[in-house]
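The values are calculated or read from the model by the stated rules, or taken from the named source; none is laboratory data. Since the model is a prediction, treat every value here as computed from it, not as a measurement. Glycine gets a Cβ as well: all are built from the backbone with ideal geometry, and neighbour counts include every protein chain shown.
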Amino acid sequence: MWASNAAVWTVGVATSHYRGAWLSPMPGGCQFCCCLCVGGFPADYTGHSEPVAAMGKRITPRSAMAAGGGNMQSSAPCLVEEEQTAEDMMAVAQRRKWLVSKFLREELSESFLKRQQGKVEQLRRCSFYMEILSGQAEPEEEELQSRLPISVFQFIDPEKFQRMKNMAASQTKLQLLLLEKLLEQLERGRAALVGMVTGGDSCGWGRLWQGVSHLHRLQKDFLHLLVPRRLHLKHQLVANTSAAKIPPLRLGLRLRNPVVFDRAGSVAFRDRVSLAWRSLGQPCPPEKYELGFRLREEEEAEQGAVSVSGNHLEIHNLLSDRLYEFHLRRADTHMLVYQAWHDSITLRTCP
């Protein structure tokens, strides 16, 4: 399956001369670190020099008198202490709010969510193929067919291979569903966090930080799931045989970008159409496609289908001044696991 276990975010305990703890720096150079103590942020951790009082050291009446002179019986030192503590707490609250706003602006921005939404939409349109690789090969190497003799495949059990294809299809559907759910949770969580920061929500810092940590975990899981990974091999693909020494095998998923019609290159004439298509983001490889068409304006419409190799086709003997719908998808092969989407185009023939 594509995914592995979710990453764990560690919590480190502060050293003895600081009161509190903070989360360890996040991956990818993210320095989003928040002190959990009420006093404030350690100066050598955040890079900002803070007063000693901001690190949890309270100003006592004795120390206040020693610093500015005065009567121990006077209430002035207590007032100074209270004012200083209130200012420190306000500064800490503002600093924490700024850090949360920075996270929402840089790590989980609206533009980031829009980009990820586009990636999920394209994944749903992709074709998923199972690839069989040598267990001794590196993941970056080419498919097994280019490294081992063709005769190896005659030892693969067809029934077990089909079961693995069915399992891979189920895992692919589940993975796409999980991506959609995670993206929805990220969008809702971000909206809720924005409301806490800007809407005057009276929630405490603990609840605010809990929301940030939860969104970080969701974001980590989501980005990990975007990349297809090796499949879990439950069945032994190679039948027990001593005829040949077969290396250990592993399975993975390979994506092919969706195939779409070339809108500018597809043209209708009086009794024929010329259709062209391409693979998004990459050259159209030489492979087989299934192209179907039907007449949209009648109940018992004329329809047909044809298999074609290449990336263009002309269809003749069509009716003039009629609306035709054409749809295109990759042809089914023994390695195709999942393909739920096909592109379509509507053209009207000339009068």
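What the table below lists for this structure:
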| read-out | value |
| --- | --- |
| Residue in region 139-160 that is at pLDDT below 90, crowded, with 17+ Cβ neighbours inside 10 Å, out of contact with any strand residue (DSSP E or B) (no Cβ under 8 Å at 6 or more places or on another chain) and within 30 Å of residue 257 (Cα to Cα) present | yes |
| Residues (in contact with a Lys or Arg (Cβ under 9 Å, 6 or more places away or on another chain) and in a loop (DSSP other than H, G, I, E, B)) located in region 311-331 | 311, 316, 317, 318, 320, 321, 322, 331 |
| Qualifying residue in region 341-350 (condition: under 22 Å from residue 123 (Cβ atoms), at pLDDT 90 or above and part of a loop (DSSP other than H, G, I, E, B)) | yes |
| Sole residue being closer than 28 Å to residue 163 by Cα, modelled with pLDDT of 85 or more and in the same structural domain as residue 162 (by TED's automatic domain parsing), chosen from 225, 193, 237 | 225 |
| Yes/no for residue 280 being in contact with a helix residue (DSSP H, G or I) (Cβ under 8 Å, 6 or more places away or on another chain) and surrounded by 12 or more Cβ atoms within 10 Å (Cβ to Cβ) | yes |
| From 252, 310, residue being without any contact (Cβ under 8 Å) to a residue 40 or more places away in the chain, surrounded by 11 or more Cβ atoms within 10 Å (Cβ to Cβ) and out of contact with any Phe, Trp or Tyr (no Cβ under 6 Å at 6 or more places or on another chain) | 310 |
| Candidate set from region 97-123 (those that are among the hydroxyl-bearing types (Ser, Thr, Tyr) and loosely packed, with under 14 Cβ neighbours inside 10 Å); member that is farthest from residue 211 (Cα to Cα) | 111 |
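Residue by residue, here is whether (1) at pLDDT 95 or above; (2) farther than 26 Å from residue 132 by Cα; (3) surrounded by 13 or more Cβ atoms within 10 Å (Cβ to Cβ) holds:
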| site | (1), (2), (3) |
| --- | --- |
| 256 | no, no, yes |
| 294 | no, yes, yes |
| 300 | no, yes, no |
| 335 | no, no, yes |
